[in-house]
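Just so you know, all these numbers are worked out from the coordinates, no wet-lab data involved. All values reported here derive from a predicted model rather than from experimental measurement. Using ideal geometry, Cβ is built from the backbone for each residue, glycine included, and neighbour counts are taken over all protein chains shown.
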Amino acid sequence: MKELKLVAKDTNIFLNKILKKQKNTKLLEVIKYGLFPGGKKIRSKILIDVGYIFNVNYKNLIRVAAAIECIHAYSLIHDDLPCMDNDKLRRGKPTAHVIFGESTAVLAGNSLLTLAFEILSDDKFKISDSIKNQLINLISKCSGHTGVAGGQYLDLSYEKKYVSMKKIIDMQIKKTGMLFSFCCLAPAIIAKKNNLIKKKFKSLGNEIGLLFQISDDLIDLKGKTKHAGKETGKDKKKGKATLIGLLGYKNAIKYKIQLEDKISKKVNYYGNRSKKIKKTINLIANRTK
């Protein structure tokens, strides 16, 4: 998708500019390794798509996208650690701890987390302090024990156990959905939309994240390591709690189709301004890597 590549390019350009201004430390090399080339930037694309609906300044959105990518890279570095999922391959290259060592990877992940807050609090981000505070507060909640970190904890604790559908969805919303929720909410916050609209987009983001996670689990089940850029077949080996494992392959596909339809109906309300996000949702639902 041409637009997705443009968002990825612009986000990486911004991140490179930020890192060039950072003091050169031993951890900077690891931070760059975790960030670049940095995957497809689907989260950032959702942010831009919602920003298009609300007519939010593109340059402001790219700054927020850079913060999101820092959070995402931090979470991947930590998820891959031997004490977590113990993955050796990520985005087609060895994981950070394989190249740099476990302790260094932990510290680089921590640094990426704090870099996100630095990006959002920068004086060069020309929005009001009130909106900056709202964004920082929200991304903190989406990243910590109520969000990504909490979801990873549940993911690990549910291994090789029977887990109900409700608990699996709750875990996947925390682990994946809440960062997508931030991507949908941030433009509404910048555009100063009312609480009802923000509530709708928070829910939309959770559902998009759930759709992304189901697609990811299907790639793990049916995909090839070389094509996916990461080891596949891990979920079954580790006894991960997934909707595919609970519902079975065919029923999980049905659930995914129903979820995509539900999301599409919600964004249809915005007419022609929803065309970009609809394309991205379709990409998420049908991706193979």
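With Cα atoms defining each centre, region 262-282 and region 71-87 are spaced 32 Å apart in the structure.
Taking Lys and Arg as +1 and Asp and Glu as -1, the other residues whose beta-carbon sits under 12 Å from that of residue 5 total +3. For the residue pairs 9/262; 161/275; 175/276; 20/279; 174/266; 88/160, alpha carbon separations beyond 29 Å are given by 9/262; 161/275; 20/279. Taking trypsin sites (Lys or Arg not before Pro) across region 97-161, the ones in a DSSP loop with at most 12 further Cβ atoms lying within 10 angstrom of their Cβ are 124, 126, 160, 161.
Ordering 63, 91 from the fewest to the most neighbouring beta carbons within 10 Å gives 91, 63.
If you take all other residues with their beta carbon under 15 Å from the beta carbon of residue 139, and give Lys and Arg +1 and Asp and Glu -1, the sum is +4. In a fully extended conformation the segment linking residue 194 and residue 98 would gain 29.9 nm over its present Cα-Cα distance, using 0.36 nm per residue. Among 184, 70, 83, the ranking by other beta carbons within 10 Å of each residue's beta carbon, starting with the fewest, stands as 83, 184, 70.
Panel order for 53, 31, by other beta carbons found within 10 Å of each beta carbon, from fewest to most: 53, 31.
Here is the P(r) of region 14-65: all C-alpha pair distances, binned every 5 Å from 0, give 5, 17, 23, 20, 15, 12, 6, 2, 0 in whole percents. Dipole magnitude for region 61-159: about 360 debye, using +1 per Lys or Arg Cβ and -1 per Asp or Glu Cβ, origin at the Cα centre.
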